[in-house]
Amino acid sequence: MIQTTDRSAPEGIDAAIARVTALKRERDAFLLCHNYQAQEVKRVADAIGDSFQLSARARTVPAKWIVFCGVRFMAETAKLLNPSKRVILPESKAGCDLADSIGPEGLRALKTQHPRARVVMYINSNVEVKALSDAICTSSNALKVVEAMDSEEVIFGPDRNLAAHVAKQTSKRVIPWAGSCPIHEVFTLPMLQRARKNVPDACVIVHPECPSDVQEEADEVLSTSQMIETVGRMKARRFLIGTEIGLIEQLRELHPDREFWPVYEHKSCDEACACPHMKITGLHSVLRALDTGKEAITIPEAHRAGALRAVERMLEIGK
Ligand code: SF4
């Protein structure tokens, strides 16, 4: 199911896709696309994945330009890992409420309170916060990264729900930052219980950014890439999914013979699970980015080495 929007492709989606394809060749551009992006954007992508997969891919992109269809912290990570490329975020306002929930002053204060703790920071963080961290993680490798730290205490931010998910599985003391993603916080336990009544035979899979009581009630707690892999292996026909709608749309395309619904009591509430930062990017944004070369990401020199070290630590641990 491909979504079309007037603003994205006034001349028709196929014509817009043809223009993007021609411009990509002309500019020598490679398009990385997060799982939460709109389906129309995924159609022009060279690689689609979660934050970890896209970070790993960004390191080896040979093209001159990387157009990152996602949000700012992702494009910053790509620039850290492949600094000679022009990394373009097609919509400069595509930020992340979760990443913005922690700043360097807050993290410094927490480090002062817990001087023996290592700092593991979720990739959903801004570059100045990454620079103060020992290692970065994604939802697919958070436990592995925390376990790899040579300390008994680990400061973990900025998502408190992912922190709680990790804390349940490790013997280390996890000290959480109290941030959360407003999209995943939409899901509540009563909502999930009502959704289960509506679709009683559904398998419930939620993201670890969902509240802890929702995670406990779910059948599986998985990152977006793990959701795609796991659904592919399962025999279930109906699923209730607790994450951003872009991933649910991707699953619907991959498995047209199965049913996927957001963890929501009304089946028509897809919009409630849409991240406005992710959905700000359309084909029109990609066309403009390829045409103008704007907005190119720059990394302040003061944060570059520290942030890169923390991201590379994650990639080493995740090997
Ligand atoms: S879904 Fe949440 S964590 Fe992801 S980009 Fe949007 S606000 Fe940030």
Strands (runs of 3 or more DSSP E) wholly inside segment 28-85 that include at least 1 residues being within 16 Å of the ligand (Cβ to nearest atom) and of a type outside the set (A, V, I, L, M, F, W, C): 29-34, 47-49
The one condition in (1) closer than 27 Å to Lys130 by Cα; (2) more than 15 Å from the ligand (Cβ to nearest atom); (3) not hydroxyl-bearing (Ser, Thr, Tyr) that Asp14 fails to fulfil: (1)
Leu315 within 20 Å of the chain's Cα centre (by Cα) and either over 23 Å from Ala195 (Cβ atoms) or in the same structural domain as Asn141 (by TED's automatic domain parsing) (or both): yes
Residue count, segment 140-187 (criterion: in a strand (DSSP E or B) and free of Cβ contacts under 8 Å to residues at least 60 places away in the same chain): 8
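Could you tell me whether segment 167-180 includes any residue that is crowded, with 24+ Cβ neighbours inside 10 Å and not assigned by TED's automatic domain parsing to the domain that holds His34?
Of all residues in segment 167-180, those crowded, with 24+ Cβ neighbours inside 10 Å come to none.
No, there is no match, as no residue in segment 167-180 is crowded, with 24+ Cβ neighbours inside 10 Å and not assigned by TED's automatic domain parsing to the domain that holds His34.
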Filter pass, Met278 being under 19 Å from Ala47 (Cα atoms) and touching a residue at least 24 places away in the same chain (Cβ under 8 Å): yes
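Residues checked against (1) in contact with a Cys (Cβ under 9 Å, 6 or more places away or on another chain); (2) more than 15 Å from Ser125 (Cβ to Cβ); (3) surrounded by 24 or more Cβ atoms within 10 Å (Cβ to Cβ):
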position: Gln53; (1), (2), (3): no, yes, no
position: Pro62; (1), (2), (3): no, yes, no
position: Arg72; (1), (2), (3): yes, no, no
position: Pro83; (1), (2), (3): no, yes, no
position: Arg86; (1), (2), (3): no, yes, no
position: Gly95; (1), (2), (3): no, no, no
Among (1) of a type in the set (A, V, I, L, M); (2) touching a Phe, Trp or Tyr at 6+ places or on another chain (Cβ under 9 Å); (3) not assigned by TED's automatic domain parsing to the domain that holds His34 - the single one Val87 does not satisfy: (3)
Search result, residues across segment 110-139 that are more than 14 Å from Ile317 (Cβ to Cβ) and assigned to a loop (DSSP other than H, G, I, E, B): His114, Pro115, Arg116, Ala117, Asn124, Ser125, Asn126, Ala131, Leu132, Ser139
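The values are calculated or read from the model by the stated rules, or taken from the named source; none is laboratory data. Computed from a predicted model, the values in this text were never measured in an experiment. Please note: Cβ atoms are built from the backbone with ideal geometry, for glycine as well, and neighbour counts cover all protein chains shown.
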